[in-house]
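Chemist: Can you keep this structure in mind? I'll have questions shortly.
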Amino acid sequence: MTKQIRKGYGTVILASLAYGVMPVVSKLLLLSGMNSESVVFYRFFLTCLFSALILAAFRRFRAVTLPQAVLLALFGILGFGFTMQFLTISYQYIPIGLATVLHFAYPLFVTLIMLAVYGEKPAPARLWGCAAALAGICLMVDLKGGFSPGGVIYALLSAVTYSAFVVSNKKACYGSLSPMLCLFAFSLSASLFFGLSCTLTGTLQAPCSLYQWGCLMAVSLLCTVFAFCTLMTGVRILGAAKASVINMLEPATGVVFGVILFKEKLSLKIMIGCACILVSTLITVLARDSRKDGGKKI
């Protein structure tokens, strides 16, 4: 295993740990009285601000072509923004656990996109890794509660939009741009879109305490800026399909933080589920692709 490949695995695992913190911080914000629409907007707005400051400090701003700008805006709104929006809506109709299971089916959509569009044939071991990870997530969540076809559709839509977003960062014409510059463009377009939407619907709610601002800073800096850049670095090294399966460590991280911070019960079923996800990650790391990422960029 080369140093570059090890770097790819390490960055994706770090991204999964950082993303796993996001549901916890978001829950703290909701418990403090902030509505979900405002949490979504401020996450994108602050991410845009922080990424701009980082780019300016290191003088990494650069001009992009018109096709790159169009795709960055498109995937920023549809892939980056609507993924969170669809998940938020699905929480209103089905249990959060079930929504999480459906969303984390996105590696299967990534694999299908890479196969159908780019002809990438996944190694059999990776398919077993997908199966083990999905089985682990099913064990980790509580499937009891209400069931709504509409909620299921929204959760599956979040998986579809996120899978397209992950693949785009490997295959789109802006793939040569730095992850930080891409993040700035994504968050700029998403914050403009959702800021306008919240303003028109009257749902925009300003943070009312230092505690809320602190949580929003954590969601933006740790759970978005750091997590996104490390994940996209891993995607570009390992490929979209393999990175997406390793990223399924994220829900296991959320369970651990839930136990520590919210004293949630850690049952035997949850521990087995976490073990399944760890096994799936190991399988994916050891698997070899039958062919490398190929195909034309869009």
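Chemist: Quick check on this structure: which one of Thr233, Thr199, Thr203, Thr224 is within 13 Å of Phe44 (Cβ to Cβ) and either touching a helix residue (DSSP H, G or I) at 6+ places or on another chain (Cβ under 8 Å) or part of a helix (DSSP H, G or I) (or both)?
Modeler: One residue alone meets the criteria, Thr224.
Chemist: Could you list, in sequence order, all residues of segment 97-126 that are of a type in the set (Phe, Trp, Tyr) and within 26 Å of Ser148 (Cα to Cα)?
Modeler: Phe104, Tyr106, Phe109, listed by residue number.
Chemist: If you don't mind, there's one more thing I want to ask. List, please: which pairs have Cβ atoms under 6 Å, are six or more places apart or on different chains, and start with a residue in segment 110-135 that is part of a helix (DSSP H, G or I) and end with one that is open to solvent by 50 Å² or more (accessible area, probe 1.4 Å) and of a type outside the set (A, V, I, L, M)?
Modeler: Tyr118/Gly295
Chemist: Within the set of pairs 6+ apart or on separate chains, which have a first residue in segment 184-195 that is farther than 15 Å from Phe228 by Cα, a second that is of a type in the set (D, E, K, R), and C-beta atoms under 8 Å apart?
Modeler: Cβ pairs passing all conditions: Phe194/Glu37.
Chemist: Please go through segment 183-221 and give me each residue that is of a type in the set (S, T, N, Q) and over 13 Å from Met34 (Cβ atoms), ordered by number.
Modeler: Ser187, Ser189, Ser191, Ser197, Thr199, Thr201, Ser220, listed by residue number.
Chemist: Where the second residue is of a type outside the set (A, V, I, L, M, F, W, C) and not in a helix (DSSP H, G or I) and the first is over 11 Å from Phe226 (Cβ atoms) and open to solvent by less than 20 Å² (accessible area, probe 1.4 Å) and lies in segment 1-24, which pairs have Cβ atoms under 9 Å and are six or more apart or on separate chains?
Modeler: Partner pairs satisfying both residue conditions: Gly8/Gly239; Val12/Asn247; Ser16/Asn247.
Chemist: Right, next: Would you pick out the residues in segment 16-33 that are modelled with pLDDT of 80 or more and touching a Cys at 6+ places or on another chain (Cβ under 8 Å)?
Modeler: Ala18, Tyr19, Val21, Val25, Leu28, Leu29, Ser32, Gly33
Chemist: Quick check on my filter: what residues within segment 265-275 are surrounded by 14 or more Cβ atoms within 10 Å (Cβ to Cβ) and modelled with pLDDT under 70?
Modeler: Matches in segment 265-275: Leu266, Ile270.
Chemist: Next question. Can you pull out the residues in segment 51-70 that are in contact (Cβ under 8 Å) with a residue 60 or more places away in the chain, open to solvent by 30 Å² or more (accessible area, probe 1.4 Å) and under 15 Å from Leu183 (Cα atoms)?
Modeler: Of everything in segment 51-70, those that are in contact (Cβ under 8 Å) with a residue 60 or more places away in the chain, open to solvent by 30 Å² or more (accessible area, probe 1.4 Å) and under 15 Å from Leu183 (Cα atoms) turn out to be Ile54, Arg60, Phe61, Arg62, Val64, Ala69.
Chemist: Open to solvent by 30 Å² or more (accessible area, probe 1.4 Å) and β-branched (Val, Ile, Thr): does that describe Ile94?
Modeler: no
Chemist: In addition: Of everything in segment 25-50 that's out of contact with any helix residue (DSSP H, G or I) (no Cβ under 7 Å at 6 or more places or on another chain) and aliphatic (A, V, I, L, M), which residue is least open to solvent (accessible area, probe 1.4 Å)?
Modeler: Among those that are out of contact with any helix residue (DSSP H, G or I) (no Cβ under 7 Å at 6 or more places or on another chain) and aliphatic (A, V, I, L, M), it is Leu49.
The values are calculated or read from the model by the stated rules, or taken from the named source; none is laboratory data. Source: prediction; values computed, not measured. All Cβ positions, glycine included, derive from the backbone under ideal geometry; neighbour counts span all protein chains shown. The area values use the complete protein model at the heavy-atom level, side chains included, leaving out ligands, DNA and RNA. Shrake-Rupley method; radii C 1.70, N 1.55, O 1.52, S 1.80 Å.
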